[in-house]
1. If only one of A:G102, A:G72 is within 30 Å of A:D119 (Cβ to Cβ), surrounded by 19 or more Cβ atoms within 10 Å (Cβ to Cβ), in contact (Cβ under 8 Å) with a residue 12 or more places away in the chain and in the same structural domain as A:F174 (by TED's automatic domain parsing), which one is it?
2. Please state which of the following conditions A:M167 fails to meet, knowing it meets all the rest: (1) surrounded by 14 or more Cβ atoms within 10 Å (Cβ to Cβ); (2) in a helix (DSSP H, G or I); (3) over 18 Å from the mean Cα position of the chain (by Cα); (4) away from chain B (no Cβ under 13 Å).
3. Looking at the range A:42-57, which of the residues that are crowded, with 21+ Cβ neighbours inside 10 Å and of a type in the set (G, A, S) is nearest to the other protein chains (Cβ to nearest Cβ)?
4. Can you pull out every residue in the range B:222-239 that is surrounded by 13 or more Cβ atoms within 10 Å (Cβ to Cβ), without any contact (Cβ under 8 Å) to a residue 12 or more places away in the chain and within 16 Å of B:A163 (Cβ to Cβ)?
5. Read through the list (1) modelled with pLDDT of 90 or more; (2) buried (at least 23 other Cβ atoms within 10 Å of the Cβ), then give the number of the only condition that A:G177 fails.
6. State all residues of the range A:133-154 that are in a loop (DSSP other than H, G, I, E, B) and either free of Cβ contacts under 8 Å to residues at least 24 places away in the same chain or out of contact with any Gly (no Cβ under 6 Å at 6 or more places or on another chain) (or both); if no residue qualifies, say none.
7. Kindly establish whether A:T211 is of a type outside the set (A, V, I, L, M) and buried (at least 17 other Cβ atoms within 10 Å of the Cβ).
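The values are calculated or read from the model by the stated rules, or taken from the named source; none is laboratory data. If you're wondering where the values come from, they're calculated on a predicted model, not measured in any experiment. Positions of Cβ are backbone-derived with ideal geometry, glycine not excepted, and every protein chain shown enters the neighbour counts.
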Amino acid sequence: MITVENLTKRYGGFTAVDDISFQVRPGSVVGFLGPNGAGKSTAMRMMTGLTPPTSGRATILGQTYRELHNPGRQVGVMLDASAQHPGRTGREVLRVAAVSVGVGKARVEEVLALVGLTDEEAGRRVRNYSLGMRQRLGIAAALLGEPRVLILDEPANGLDPQGIHWMRGLLRRFADGGGTVLLSSHLLHEVQIVADDLVMIGRGRIVAMGTKDELLARGGTTVQSTDDARLAGLLDAAGVPVSRTGSGLVVDAEARVVGEIAARESVVLLELRSGGSEGLEEMFLGLTAATSREGDAA
Amino acid sequence: MTTTSHSPAPAVGGSADAPTAPTPLDGRPGVPFARTFRAELRKMVDTRAGRWMVIVMAAVAVLILAGFVIWGPAEDASFRGLLQLATLPLAMLLPIIGIMAATAEWSQRTGLVTFVLEPRRGRVVLAKALAALVLAVVVLAAAVAAAAVANLVGGNGEWDLTAAIGGGVLLALLVYVLQGVAFGLLFLNTPVAIVSVLVLPTVWSIATMAVSSLEEAGRWLNLDLVTQPLFEGEMAGQDWARLATACAVWVLLPLAVGTYRVLRREVK
């Protein structure tokens, strides 16, 4: 469980994180979504005791990070996959961490296998790792102490699509076992694959939060037909707000309403679904733009 | 500690009616110091740079010893003379190992991992300082062994090392390696710290020679000067007071300021 209460960080006149509050409950993979510079990393550094908050506080399992006994056994943290000494081998990075966390060498080999780093790769120096391999190494380090909470900053960055799906499976199993996961991303499609719930942040403020399905439904209905122009006209005539996108229409109504109109007028539908990445992406951009206007006015 | 009442923060994920809220592990904050110390000791020699520093130190010491045994004046090749030769490169290079230990967390950004595993940064700093001192002792022991071998092979066979010299050399090396850690913590930047450790004392000693009013201060505050009797095993009277003064200024002061910086600085 991660609890963030009125967390605020100001650097001089600039407010990086502005009074955010939320609680991540166990059993779920929660995506912390926001554009670059939205305050995600600063918030995560405050949760892990690396950055002192200006005000407010963050607790993990009910304690502040600095109060935790052997934090490596309770919280797996990866804040930057590239922040590794280039002169160490991947295996050595984990062995040093294992000494500190107090787990054996066998556990190091276990997590290496878990993240899919081969023996040969583990013996290579981090200098020669791709970003994707560094991400896997960072996740291995986070899992080393068999924690119950994971805090991962941009873990899918640099992974190929296959790697992102692999991560989804890994984090899903972790959450199903009663674990709590908070991971950040600035890419909507990435977070859509990996996370079940979303906390959206823009300009240091939370702009939306809830389950992915809830937020997707708010993004309207995506529809594609053999004759989009005619369908748009029909929907417009029925008083349903419609907007055209590159590949179809986004309708601000339930899928059922659209389907009924199409059936009545015999329009052949090719696709009909709630939400969709375009809808959510629009909302995401819209929400962050709205907060930026607020920020400018203040 | 938090209260057990419900947090006002809106919840996301999971289920509201989970049977029990997860609780933290019992125990004191952080990790036991012995583990932090072992991890820091390992980190000093497990990188390519760290390992090469040790190899270079050993190689230079062996080369100097070999050269002296072959070409040097035979009557001076006693155990004591050979050991003093072998420790010259150590006094130069050990501070750099201390510097690298202190700066890597910031220059390589490994602090993002180190300070997450042990949030009490003061203990990490203490572990680094102790690990650097232990490494200095190990390296000196190797130098003693090398000097003994050189003496047997090509020295004059005199075993003239006194406790005063042995202890003096050890203490001097410990001071130098700790100075490295202190400057590393102070600047948190490897090149700047290395240049400062090499250049600042030289600049200071030139200044004390050039400006007559600084001459007396130089006698008290020149680390190279005050450790000379230490290496020779001839500490007497005021020498200890001078050593303590120079150490306070060149080691303890940067150590204190540097530790404060590490404790307060945001880890990014």
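1. A:G72
2. The single condition A:M167 does not satisfy is (3).
3. Going through the qualifying residues, I end up with A:G49.
4. none
5. (2)
6. A:L144, A:E146, A:D153, A:E154
7. no
For every residue, the table says whether it meets (1) of a type outside the set (G, A, S); (2) outside any helix (DSSP H, G or I); (3) buried (at least 18 other Cβ atoms within 10 Å of the Cβ).
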site: B:V56; (1), (2), (3): yes, no, no
site: B:A59; (1), (2), (3): no, no, no
site: B:L63; (1), (2), (3): yes, no, no
site: B:A66; (1), (2), (3): no, no, no
site: B:L85; (1), (2), (3): yes, no, yes
site: B:L90; (1), (2), (3): yes, no, yes
site: B:A101; (1), (2), (3): no, no, yes
